[in-house]
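Novice: Below you'll find the structure I mean.
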Amino acid sequence: MPGFGSNAAADQRFNVNLSILFTELPLLERPAAAAAAGFTAVELWWPWVDSPTPEQAELDALKKAIEDAGVQLTGLNFYAGQLPGPDRGALSIPGVESDRFRANIDVAIAFAQSLGCTVFNALYGNRVDGVDPAEQDALALENLVLAARAVGQVGGTILIEALNQPESPKCPIVSAPKAIEIVDKVNAATGLGNAKFLMDLYHLSMNGEDLPSVIDQYAAKTGHVQIADNPGRGAPGTGSLPLEELLARLKKAGYDGWVGLEYKAGDRPSAESFEWLPREARAAR
């Protein structure tokens with residue numbers, strides 16, 4: 001499999017998403033597996049899909065696993081419902097899911113902050129049959145403002161991610177401009193400027209967007225980048241996306257944040273899916 005050259009990789013800071021990679025292992029074993037593969041930074045979707053407010057013992061066990069592995073948590077999703085699964089977020093869903101999102105805000109922030117992490121992905125959610133989209137959007141903005149203010153108290157960042165239309169047909173945020181529109185609305189409402197774009201190059205490519213143009217337009221408003229190849233959402237080199245060139249373009253445009261590896265390992269152990277990335281480039285610098 002073609003890989004990134006050492007020089008190109010050395011320009012990036014990579015982390016591993018432990019909710020899509022190393023999923024062949026129990027959650028508490030994944031941080032150590034990432035460390036064994038040479039990585040020093042990890043990110044997570046909200047791991048407790050059925051509970052926005054898990055028992056403290058569960059939170060403590062995951063905190064210990066991350067600390068014992070010697071990896072840094074650099075990003076965490078707020079509660080987003082069944083993910084992976086049918087859900088695409090909770091904050092725009094009236095009723096119980098919105099309540100769950102709100103209940104999760106302080107829990108997620110406290111957990112992440114205890115590990116030195118202040119970056120949070122707030123997934124919007126699907127359209128609900130029979131509910132006025134304008135009502136959902138008003139609720140979403142209210143919840144995003146609540147979360148952005150709470151995150152602001154710890155000097156943190158809230159991320160708005162664009163998903164892709166083919167795989168998330170009921171999600172209204174399926175383009176970079178739409179995500180940026182939400183980012184701008186949240187920042188206008190709070191005055192904090194701590195809402196940023198999560199640029200997932202796989203999702204944007206699935207939408208058929210012009211990736212170089214997206215990078216040039218929105219790098220300054222981007223708080224995090226995630227990658228997977230397309231087609232297939234596999235490791236770089238398994239598809240046809242010029243990821244090395246795109247990341248170099250991001251760097252040139254001024255982005256110096258994390259690049260999250262959010263791809264599927266396929267039918268092999270996750271540890272074997274990193275041959276595209278020289279081992280010396282895996283540890284964050």
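The values are calculated or read from the model by the stated rules, or taken from the named source; none is laboratory data. It should be emphasised that the depicted structure is a prediction, and the values quoted were computed from it without experimental measurement. Virtual Cβ from ideal backbone geometry, glycine too; neighbours counted across all protein chains shown. Accessible surface is based on the protein model in full, side chains and every heavy atom, while ligands, DNA and RNA are left aside. Shrake-Rupley method; radii C 1.70, N 1.55, O 1.52, S 1.80 Å.
Novice: So in region 244-265, with the set limited to residues that are free of Cβ contacts under 8 Å to residues at least 60 places away in the same chain and farther than 19 Å from ARG285 by Cβ, which one is surrounded by the fewest Cβ atoms within 10 Å (Cβ to Cβ)?
Specialist: GLU245
Novice: What single numbered condition from (1) part of a helix (DSSP H, G or I); (2) modelled with pLDDT of 95 or more; (3) among the aliphatic types (A, V, I, L, M) fails to hold for ILE20?
Specialist: Going through (1) part of a helix (DSSP H, G or I); (2) modelled with pLDDT of 95 or more; (3) among the aliphatic types (A, V, I, L, M) one by one, ILE20 breaks only (1).
Novice: Considering (1) under 21 Å from LYS196 (Cβ atoms); (2) in a helix (DSSP H, G or I); (3) open to solvent by 40 Å² or more (accessible area, probe 1.4 Å), say which one GLY155 fails and leave the rest.
Specialist: (2)
Novice: Determine, yes or no, whether ALA235 is within 17 Å of the chain's Cα centre (by Cα) and under 30 Å from ASP267 (Cα atoms).
Specialist: The answer is yes for ALA235.
Novice: Can you name every residue in region 126-147 that is small (Gly, Ala, Ser) and out of contact with any Leu (no Cβ under 6 Å at 6 or more places or on another chain)?
Specialist: Across region 126-147, the qualifying residues are GLY130, ALA134, ALA138, ALA147.
Novice: Right, here's the next one. Consider SER19 carefully, then state whether it is open to solvent by less than 70 Å² (accessible area, probe 1.4 Å), more than 29 Å from GLU245 (Cβ to Cβ) and either free of Cβ contacts under 8 Å to residues at least 12 places away in the same chain or of a type in the set (S, T, N, Q) (or both).
Specialist: So SER19 does not fit the description; no.
Novice: In addition: Which residue, of GLY239, GLY234, is within 20 Å of ALA176 (Cβ to Cβ), crowded, with 17+ Cβ neighbours inside 10 Å and not aromatic (Phe, Trp, Tyr)?
Specialist: Criteria check complete, one pass: GLY239.
Novice: Now a separate question. Determine the pairs where a residue that is over 30 Å from THR40 (Cα atoms), located within region 117-129, has a partner that is open to solvent by 40 Å² or more (accessible area, probe 1.4 Å) and among the basic types (Lys, Arg) with Cβ atoms under 8 Å apart, the partner being 6 or more residues away or on another chain.
Specialist: From residues that are over 30 Å from THR40 (Cα atoms), the pairs are GLY125/ARG88; ASN126/ARG88; ASN126/LYS170; ARG127/LYS170.
Novice: Any residue at all in region 190-200 that is aromatic (Phe, Trp, Tyr), modelled with pLDDT of 95 or more and open to solvent by 10 Å² or more (accessible area, probe 1.4 Å)?
Specialist: Checked region 190-200: no residue is aromatic (Phe, Trp, Tyr), modelled with pLDDT of 95 or more and open to solvent by 10 Å² or more (accessible area, probe 1.4 Å).
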